[in-house]
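The values are calculated or read from the model by the stated rules, or taken from the named source; none is laboratory data. Keep in mind that this is a model prediction, so the values were computed, not measured. Cβ atoms come from the backbone with ideal geometry, glycine included; neighbour counts cover every protein chain shown. For the accessible areas, the whole protein counts, side chains as well, though only heavy atoms, and no ligand, DNA or RNA atoms are used. Shrake-Rupley method; radii C 1.70, N 1.55, O 1.52, S 1.80 Å.
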Amino acid sequence: MKRLNELYKIDSDIEIKGVSVNSNDVNEGDIFVCIKGSKVDRHDFVKDAVKNGAVAIVAKRMIDEGVPCVVVDNPNDEVIPLSRKVYGYPDEKLKMYAVTGTDGKTSVATITSELIGTDKCGYIGTNGRSCKAFKRGTDNTTPAPNKLYKYLDEFCESGCESVCMEASSEAMLQGRLDALRYDCIGMTNITSEHLNSHKTLENYVDCKKKIMTLTKDNGYCILNKDDDYYKEVREVCTRGVLTYGMDKDNDLQILDYKIRPDKTDIRFRYKEVIYDIESPLLGKFNVYNLACAMLMCLSQGYEIESLINNIQNLYVDGRLDIIRLGQDFTVMVDYAHTPNGISCLLDFVKTLEHNRIITVIGQAGERDSQKRKIVGEVVARNSDIAIFCYEDPRSEDPKEIIKMMCENIQDLNNYEMIVDRSEAIKHAIDIARTGDIVLVLGKGNETYQKLKDRVIYFNDVEEAVKSLKERLNKIAV
């Protein structure tokens with residue numbers, strides 16, 4: 001915490017406990033920064049911010065609401081430096097890891113944290129923020145700067161020495177990462193995504209490349225040499241670079257892997273030594289995710305033997321969550337939502353012993369509309385039954401989104417449209433037969449759905465469990 005006169009040249013020593021840019025998020029003792037966006041000007045909400053506990057204001061003009069007001073040229077430019085000061089420069093106290101890429105960010109960031117040890121390394125990303133001491137939510141994959149520095153301070157207070165966070169391209173585009181410098185940044189892969197924000201694939205790739213330039217002078221970039229964009233990304237990496245992949249010229253080589261029903265056997269080569277590893281994470285994509293996370297840790301001096309000892313306990317929330325309640329078919333919930341991520345997951349599932357694959361999925365509103373028909377086609381042509389439903393429709397009509405998902409599959413008759421997601425999940429479980437695999441994709445263990453006029457609580461895992469219990473109870477009766 002800081003005094004206001006330690007932050008600005010102003011005659012007030014009022015104690016500042018935090019930084020807020022949204023009047024609804026203000027806590028008692030916060031300083032409220034009147035940022036201006038394309039749609040909202042926070043100057044219009046100062047009265048609400050003070051009512052909710054703000055004790056000082058940063059604004060472009062003098063505002064008299066009974067609390068000190070600091071006038072600056074551009075309040076938007078104040079958020080990052082102010083947050084760093086108020087929360088005591090937590091990014092300088094922690095060893096900083098970041099993971100970027102289209103798919104696998106959550107898995108790699110979680111795995112890295114768990115390999116190091118959650119008592120020492122925190123996690124920030126799609127699954128919230130967590131360490132051994134706590135587990136809490138976040139608003140975004142990469143939080144807004146005022147919240148991000150608050151979260152980093154929380155990790156410092158909890159005794160963590162490092163943090164591994166997901167770094168999204170949208171966060172880079174919006175300047176949320178501008179002041180951060182990382183000891184290590186890992187790249188998973190790049191495929192077309194977030195074109196609603198970036199407009200073109202070239203712009204999207206450029207944002208990913210810029211993230212890789214945020215290493216400290218002695219930092220490392222960890223690159224997937226098997227990715228199509230490896231060479232392009234490698235050109236911007238001016239610090240240390242380590243690579244992983246199948247070829248022998250990688251620093252961490254994937255020699256071989258065999259996917260079993262409950263584990264994956266992997267053979268790695270590192271520094272000319274071959275290691276045979278059993279991983280609880282399933283699928284080829286998780287072989288690459290583990291390789292990336294291991295190399296991130298190895299770049300910072302961790303011994304490979306200690307990392308291997310921690311592999312057996314790995315778990316990534318919302319990624320291939322298998323629900324077992326004694327039924328004679330399999331139910332899986334996964335976060336996969338990009339065309340590449342869904343395709344890789346279905347390729348893996350098809351290798352498992354199964355009767356039919358039944359997939360429940362939707363596509364988000366106010367996001368890249370061009371990928372909807374691609375996802376619909378990937379799912380329908382790789383599943384025995386596809387069930388399309390809503391998924392965070394926001395202001396869009398979910399029926400129209402689903403229609404777009406079906407544009408390329410008019411020649412097929414293996415799909416259904418059930419708009420309500422809860423009903424879609426229930427239907428998939430009700431029609432499952434012995435040996436089937438039911439996949440619920442797109443949200444993982446997230447706990448919300450964003451509708452047109454509100455955000456509701458919704459969790460795919462809980463919905464699947466509820467529907468499964470109802471089916472099993474009917475059978476028992």
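General observations
Residue-by-condition table, conditions (1) modelled with pLDDT under 95; (2) open to solvent by 40 Å² or more (accessible area, probe 1.4 Å); (3) of a type in the set (Gly, Ala, Ser):
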{"position": "Glu416", "(1), (2), (3)": "no, yes, no"}
{"position": "Ser422", "(1), (2), (3)": "no, no, yes"}
{"position": "Val440", "(1), (2), (3)": "no, no, no"}
{"position": "Arg454", "(1), (2), (3)": "yes, yes, no"}
{"position": "Asn459", "(1), (2), (3)": "no, no, no"}
{"position": "Glu462", "(1), (2), (3)": "no, yes, no"}
{"position": "Leu472", "(1), (2), (3)": "yes, yes, no"}
{"position": "Val477", "(1), (2), (3)": "yes, yes, no"}
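- As for region 379-392, it holds no residue that is assigned to a helix (DSSP H, G or I), without any contact (Cβ under 8 Å) to a residue 12 or more places away in the chain and open to solvent by 70 Å² or more (accessible area, probe 1.4 Å).
- A Cβ distance below 7 Å, combined with a sequence gap of six or more or placement on separate chains, defines the contacts here; from region 309-328, residues that are closer than 18 Å to Thr447 by Cβ reach residues that are among the aromatic types (Phe, Trp, Tyr) and open to solvent by less than 70 Å² (accessible area, probe 1.4 Å) in the pairs Gly318/Tyr335; Arg319/Tyr335.
- Enumerated helices (runs of 4 or more DSSP H) restricted to region 79-183, each holding at least 3 residues that are among the aromatic types (Phe, Trp, Tyr): 145-157
- Entry remark, region 12-64: residues being assigned to a strand (DSSP E or B) and not polar (S, T, N, Q) number 14 in total.
- Residue check for Val273: at negative phi, under 26 Å from the mean Cα position of the chain (by Cα) and among the hydrophobic types (A, V, I, L, M, F, W, C): no
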